[in-house]
Amino acid sequence: MDLVGKPQTLRVLNREAVEALLRACGPMTKAELSRRTGLSLVTVGKTVDELLAEGRIVSPGMGEPTGGRTARLYAFNRRQFCVMALSYEEGRFASALADAAGEIFYRVDLPVSGVDIVEEILGCVRELTGKAEGIPVAKVGLGVPGVVSGGVVSQIPALPGLEGVDLAAVLESALGCPVLLENDLNLAAWGLYLDRFSQETDHLACLYLGRGVGCGLVLGGRLFKGSSDFAGEVGSLRLGEGTLEEAFFQIRRWLSEDGSDQAALRRQLAELAAATVNAIACVLDPGLVAVKCQWLGEEDLPTLAGGIAGAHRPQLVLVKDVGEACLRGLLDLCSHFALPSGER
């Protein structure tokens, strides 16, 4: 067996074990870390010294006296870095700063006009940086309502100034900081999975019918974007001579007209949503489909499930808001990618 690199691998695993335990369970002594990780006291001592030197952990003081020599406590350093997240939501960026443990310590909505959107985004980032309490920003995450592939944004009518722009490269050059750029519905699906549904299924679809049409996907407990980052763009599905998005927008326009038959239009909308859920179920077989559409209610769920055999019918859930889920997903991904490469 080739053992080259094995000591380094063990070192990384030891570091992960110690840091993860301190992050999850709070301050501990070296003896407690040794007992709970199963590592020798000598190994724990070396690992703790390394993490202390790098600022990954800190020593908040001494433990409680136990009749003998008082031992020093060690804790995860929540202020070693922070991550920044901005998610676009109809004329504003829902924004947050979170510490290294993923806890939000600053939250604000920042309005934007979209006239010079790149410069506005840079202004938002600078404003947030001023609220970072001196903690270094390790990663900036941006959620946008468009297709994101290789850092380039496309199909984004809500922010036409970003169409075709290599936004990740532009921001990284201006900020001198790594940037994570992602589609907002992918982020919403990931946030919903983490916060609400990870114990129920590892296969989730988040269908959005609102200002646009799209679907975020989590398959096998991982965010799924396809070979060209186009997975989930259900608005492009063909329906007769048009697309699903065009059909939805037509119904939405009729719903806004005075004197329209609201009940009949809502039935049409429910049937359109049902056809979309059916297509998602037949191709991907998710365990759960979360639907965000202001015109659909609990009474429409039987219609949405129609046409799918009982044994293969996904759980259907209506969600009132995907904005916070998007922000949650973005913060999680930023925190993940802000870790050293050996700990991702």
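The values are calculated or read from the model by the stated rules, or taken from the named source; none is laboratory data. Since this is a predicted model, take the numbers as computed values, not measurements. Using ideal geometry, Cβ is built from the backbone for each residue, glycine included, and neighbour counts are taken over all protein chains shown. Just the protein is used for accessible areas: all its heavy atoms, side chains included, with ligands, DNA and RNA removed. Shrake-Rupley method; radii C 1.70, N 1.55, O 1.52, S 1.80 Å.
The table below gives the values:
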read-out: Cα-projected label distance for Thr243 with Leu255, points at 7 Å along beta-carbon direction, nm; value: 1.9 nm
read-out: Cα-based helix-to-principal-axis angle, 323-338 vs the chain, degrees rounded to 10; value: 40 degrees
read-out: Set of the stretch 226-262 residues, backbone N closer than 14 Å to the point 7 Å along the Cα-Cβ line of Cys282; value: 237-240
read-out: Fraction of accessible area attributable to carbon and sulfur, the chain (%, probe 1.4 Å); value: 51 percent
read-out: FRET efficiency, Ala24 to Gln199 (Cβ-Cβ, R0 25 Å, nearest 0.05); value: 0.90
read-out: Qualifying GluC sites (Glu not before Pro) in the stretch 255-319, DSSP loop, other Cβ atoms within 10 Å at most 16; value: Glu257
read-out: Inter-site label distance for Ile104 and Arg36 at 7 Å from Cα along Cβ, in nm; value: 2.7 nm
read-out: At R0 = 35 Å, FRET efficiency that the Cβ-Cβ distance of Trp295 and Asp166 yields, to 0.05; value: 0.45
read-out: Additional length obtainable on full extension of the chain from Arg69 to Ala311, 0.36 nm per residue less Cα span; value: 80.9 nm
read-out: Aspartates and glutamates with Cα under 14 Å of Lys46, excluding same-chain neighbours fewer than 8 positions away; value: Glu16, Glu19, Glu54
read-out: Prolate/oblate/rounded call for the stretch 110-241, Cα gyration tensor, a/c under 1.5 rounded; value: oblate
read-out: The stretch 107-252, relative contact order in percent, only Cα pairs under 8 angstrom and at least six apart counted; value: 16 percent
read-out: Listed residues Gly55, Val144, Leu288: farthest to the positive end of the dipole of the chain (Cβ charges); value: Gly55
read-out: Base-10 log of normalised Debye intensity for the chain (one unit scatterer per alpha-carbon) at q = 0.10 Å⁻¹; value: -0.72
read-out: 1.4 Å probe accessible area per residue over the stretch 99-182, in Å²; value: 44 Å²
read-out: Mean accessible surface per residue for the stretch 35-86, computed with a 1.4 Å probe while every protein chain stays in place, in Å²; value: 58 Å²
read-out: Mean Cα-pair separation over length for the stretch 1-124, i.e. relative contact order, pairs under 8 Å, 6 or more apart, %; value: 16 percent
read-out: Average accessible area per residue (Å²) across the stretch 284-332 - probe 1.4 Å, nucleic acids and ligands excluded; value: 46 Å²
read-out: Computed over the chain: relative contact order in percent, which uses C-alpha pairs under 8 Å that are six or more apart; value: 15 percent
read-out: Only Lys, Arg (+1) and Asp, Glu (-1) charged, at Cβ; the stretch 118-201 dipole about Cα centre in debye; value: 140 debye
read-out: In degrees, nearest ten, helix 41-53 long axis to first principal axis of the chain (Cα); value: 70 degrees
read-out: Cα shape, the stretch 142-196, gyration tensor, a/c 1.5 rule; value: oblate
